[in-house]
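Enquirer: The following block contains the structure, expressed as structure tokens.
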Amino acid sequence: METTTLLLAKENFKFSAGHFLIFDEKHAERLHGHNYQVRVEITVPSTESMESTGYFVDFTDLKKMIKTRLDQWDEIVLLPGLNTEMLFAEKDESLEVRFRERFYVFPKSEVILLPVTNTSVEQLSRILAHDFLALFKKYKVHRVQVCVEETRGQGACTTALS
């Protein structure tokens with residue numbers, strides 16, 4: 001069987017978000033932010049339609065789906081919703097967050113609690129890889145690899161398979 005991998009790494013495949021990493025029971029980063037950059041590789045089967053048209057899918061469709069998904073994390077604080085040291089309390093339109101000796105209050109609309117124990121690039125790439133695989137299911141995509149860089153040359157990639 002033959003496959004083709006589509007590469008999508010557009011300048012606007014980015015999101016700016018706040019987070020902090022938890023290293024161990026005593027050490028954690030301060031709350032800070034990154035301008036994350038994302039690259040997506042999509043492995044597709046060779047199909048009869050690809051033989052006749054010469055292409056698998058219009059990149060415009062995929063780019064819109066990717067950009068729409070990344071925009072959900074843009075200008076947001078990303079927090080690890082599964083970390084046992086994180087305590088959350090909703091008060092009206094605010095989210096109170098306790099982590100060890102730290103206390104934060106955010107507008108609820110500016111925070112996303114992710115289903116992870118840490119907001120690392122490893123975990124962000126994993127979430128996005130599985131989200132994109134589900135989004136691209138209608139195209140019968142075999143594999144999606146998502147790379148998330150927090151700074152140029154520093155990031156992580158996750159591959160999700162159908």
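Enquirer: Answer yes if at least one residue in region 151-159 is in a strand (DSSP E or B), modelled with pLDDT of 95 or more and surrounded by 18 or more Cβ atoms within 10 Å (Cβ to Cβ), and no otherwise.
Expert: Among the residues of region 151-159, at least one is in a strand (DSSP E or B), modelled with pLDDT of 95 or more and surrounded by 18 or more Cβ atoms within 10 Å (Cβ to Cβ), which makes the answer yes.
Enquirer: Evaluate region 33-46: report whether one residue or more is exposed (fewer than 11 other Cβ atoms within 10 Å of the Cβ) and more than 22 Å from Thr159 (Cβ to Cβ).
Expert: No, every residue in region 33-46 fails to be exposed (fewer than 11 other Cβ atoms within 10 Å of the Cβ) and more than 22 Å from Thr159 (Cβ to Cβ).
Enquirer: I'd like the full set of residues that are of a type in the set (S, T, N, Q) and either loosely packed, with under 13 Cβ neighbours inside 10 Å or not in a strand (DSSP E or B) (or both), limited to region 68-94.
Expert: Thr68, Gln72, Asn83, Thr84
Enquirer: So, one more: Need pairs with beta-carbon distance below 8 Å; first residue more than 13 Å from Thr4 (Cα to Cα) and among the basic types (Lys, Arg) and within region 32-50, second at pLDDT 95 or above and not in a strand (DSSP E or B); sequence gap 6+ or separate chains.
Expert: Once the first residue is more than 13 Å from Thr4 (Cα to Cα) and among the basic types (Lys, Arg) and sits in region 32-50, its partners that are at pLDDT 95 or above and not in a strand (DSSP E or B) give Arg39/Ala9; Arg39/Phe13.
Enquirer: Of the residues that make up region 117-135, is at least one crowded, with 17+ Cβ neighbours inside 10 Å, under 15 Å from the mean Cα position of the chain (by Cα), on the phi < 0 side of the Ramachandran plot and in a strand (DSSP E or B)?
Expert: So far as region 117-135 goes, no, none of its residues is crowded, with 17+ Cβ neighbours inside 10 Å, under 15 Å from the mean Cα position of the chain (by Cα), on the phi < 0 side of the Ramachandran plot and in a strand (DSSP E or B).
Enquirer: Continuing with this model, one more query. Give me the residue from region 49-65 that is exposed (fewer than 15 other Cβ atoms within 10 Å of the Cβ) and β-branched (Val, Ile, Thr) and, out of that set, modelled with the lowest pLDDT.
Expert: Only one residue fits best here, namely Thr53.
The values are calculated or read from the model by the stated rules, or taken from the named source; none is laboratory data. Everything numeric here is computed off the predicted structure, so don't read it as measured data. Cβ coordinates were reconstructed from backbone atoms using ideal geometry, including for glycine residues, and neighbour counts include every protein chain displayed.
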